[in-house]
Amino acid sequence: MARTRRGVLGRLGAAAGTTLLSSLAGCSGSRPRDSSRTTVRVGSKPFPEQEILGTLAYERLQGLDDVQVVNEIGYGDSLANWRATTEGVKHLYWEYTGTAWVELPPRHDERITDPQRLYERAAEDASASGLDMASPASFSNEYVLVADREWSERTGVATISDLIAHAEAGNTDFGVAVNQAFFHRQDGWRGVTAYYGLDADVRTAIEAGPFVVTSVALPYVLLSEGQMQVASGFATDPQLDRLDAVVLDDDREYFLPYQPVPTAHAPTVEAQPRILGALEPIVASLDEATIRRLTGRVLFEGASPTEVARSHLDAVGELP
């Protein structure tokens, strides 16, 4: 990953951290005397990282005695969550900036790789749809291409540009495993290979070889078993800490940043402004290493998202 983007993400995380003390003070202040409670239905997408993020919000908001929190973790995909939240059927979930920009209304073809600018533009779209986006977490769950370490060192393929040059030189017999979404999405396999200038006939030759389109987790299995040499993944996947593999540097910055952002039904936030403020310390506590560790507990240790979320909240002093 380009150093410049990592630097920006780090600065965004540091900026979020400056809100920690002020938001803690706001959450620990006196409760409103009004006995009415604002209902907040918290959802997520149905995969471990999202379930952890959603549960962190659900558990933290239970500390607000003027809020009635409803658990709808695993509600549906990105579009289902977005629509339900714009309509007020649901009130809060975490959306990724890249997803909001590319996949959700109004959908954009323009590529924005600067994290801050992408967040600002995505937040503008959200506002126009009746949603409020809080500050993003510092980490980015963007797409990555991963290579077997021994193969990478033997071939000299360390970047995506190297991979394209390797294939263009006639080496199209390496195995590739990608998940279904990466293969079909416009910003996935065909998008990245076209952006880096891979000849269409060369791409066809690669796809005619040991090329597998499969479920999200299986590319890592095939890579670890030596059946494939290149696989698709996500930057926050905990498997990356266990595999003898390297993430190929996106040296021309094709993949958009995918920073998670608490995204809420604007009228609900207006009625109860402390909702997003209560989540600021949680956002500030999350970086790439932390979310990999938390997700790894679910995937490898069998812990539930609730166990993981409550443990993290306790560790950062935010367990209600």
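The values are calculated or read from the model by the stated rules, or taken from the named source; none is laboratory data. The structure displayed is predicted, hence computed values, not measured ones. As a convention, Cβ positions derive from the backbone with ideal geometry for all residues, glycine included, and neighbour counts pool all protein chains shown.
Scanning for something of a type in the set (Gly, Ala, Ser), outside any helix (DSSP H, G or I) and within 22 Å of Asn171 (Cα to Cα), does the range 205-219 turn up at least one residue?
Within the range 205-219 (the criterion being of a type in the set (Gly, Ala, Ser), outside any helix (DSSP H, G or I) and within 22 Å of Asn171 (Cα to Cα)), the answer is yes, since at least one residue qualifies.
Val269 meets the conditions (1) under 26 Å from Gly130 (Cβ atoms); (2) in a loop (DSSP other than H, G, I, E, B) in every case but one. The failed one is (2).
Of the residues Ala177, Ala126, the single one that is part of a helix (DSSP H, G or I), surrounded by 17 or more Cβ atoms within 10 Å (Cβ to Cβ) and on the phi < 0 side of the Ramachandran plot is Ala126. Residues in the range 79-92 that are closer than 12 Å to Ala126 by Cβ and outside any helix (DSSP H, G or I): 0 in all.
Within this structure, Gly277 fails the test of being on the phi > 0 side of the Ramachandran plot and at pLDDT 95 or above. For Ala57, the stated conditions do not hold, so it cannot be described as assigned to a loop (DSSP other than H, G, I, E, B), under 20 Å from Glu288 (Cβ atoms) and aliphatic (A, V, I, L, M).
Rundown of residues vs (1) in contact with a Pro (Cβ under 9 Å, 6 or more places away or on another chain); (2) farther than 21 Å from Ser224 by Cβ; (3) of a type in the set (D, E, K, R); (4) not in a helix (DSSP H, G or I), yes/no style:
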| residue | (1), (2), (3), (4) |
| --- | --- |
| Glu110 | no, yes, yes, yes |
| Leu118 | yes, yes, no, no |
| Val146 | yes, no, no, yes |
| Val157 | no, no, no, yes |
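Name the single residue, out of those in the range 45-56 being touching a helix residue (DSSP H, G or I) at 6+ places or on another chain (Cβ under 6 Å) and of a type outside the set (D, E, K, R), that is farthest from Leu319 (Cα to Cα).
Pro48
Residues considered: Thr86, Thr97. Of these, the only one that is under 18 Å from Glu142 (Cα atoms), in contact with a strand residue (DSSP E or B) (Cβ under 7 Å, 6 or more places away or on another chain) and polar (S, T, N, Q) is Thr97. Checking Arg292, Arg274, Arg310 one by one, the residue that is in the same structural domain as Gly98 (by TED's automatic domain parsing) and within 17 Å of the chain's Cα centre (by Cα) is Arg292 and no other. Does Gly296 meet the test of being in a helix (DSSP H, G or I), at pLDDT 95 or above and of a type in the set (Gly, Ala, Ser)? So Gly296 fits the description; yes. From the list Ser232, Ser224, the one residue that fits, being touching a Leu at 6+ places or on another chain (Cβ under 8 Å), farther than 30 Å from Thr86 by Cα and free of Cβ contacts under 8 Å to residues at least 24 places away in the same chain, is Ser224. I'm checking my understanding of the structure. Among residues of the range 137-159 that are over 15 Å from Pro219 (Cβ atoms), touching a residue at least 60 places away in the same chain (Cβ under 8 Å) and hydroxyl-bearing (Ser, Thr, Tyr), which one is surrounded by the fewest Cβ atoms within 10 Å (Cβ to Cβ)? Among those residues, the one meeting the criterion is Thr159.
With Ala315, Ala284, Ala217 as the choices, which residue is buried (at least 16 other Cβ atoms within 10 Å of the Cβ) and of a type in the set (A, V, I, L, M, F, W, C)?
Within the list Ala315, Ala284, Ala217, the selection yields Ala284.
So, Ala208, is that one exposed (fewer than 15 other Cβ atoms within 10 Å of the Cβ) and under 24 Å from Gly296 (Cα atoms) or not? No, not satisfied. Among the residues that make up the range 78-97, is at least one of them crowded, with 20+ Cβ neighbours inside 10 Å and basic (Lys, Arg)? Checked the range 78-97: at least one residue is crowded, with 20+ Cβ neighbours inside 10 Å and basic (Lys, Arg). The residues of the range 220-249 that are of a type outside the set (Gly, Ala, Ser), assigned to a loop (DSSP other than H, G, I, E, B) and surrounded by fewer than 22 Cβ atoms within 10 Å (Cβ to Cβ), listed by number, are Glu225, Gln227, Arg242, Leu243, Asp244, Leu248.
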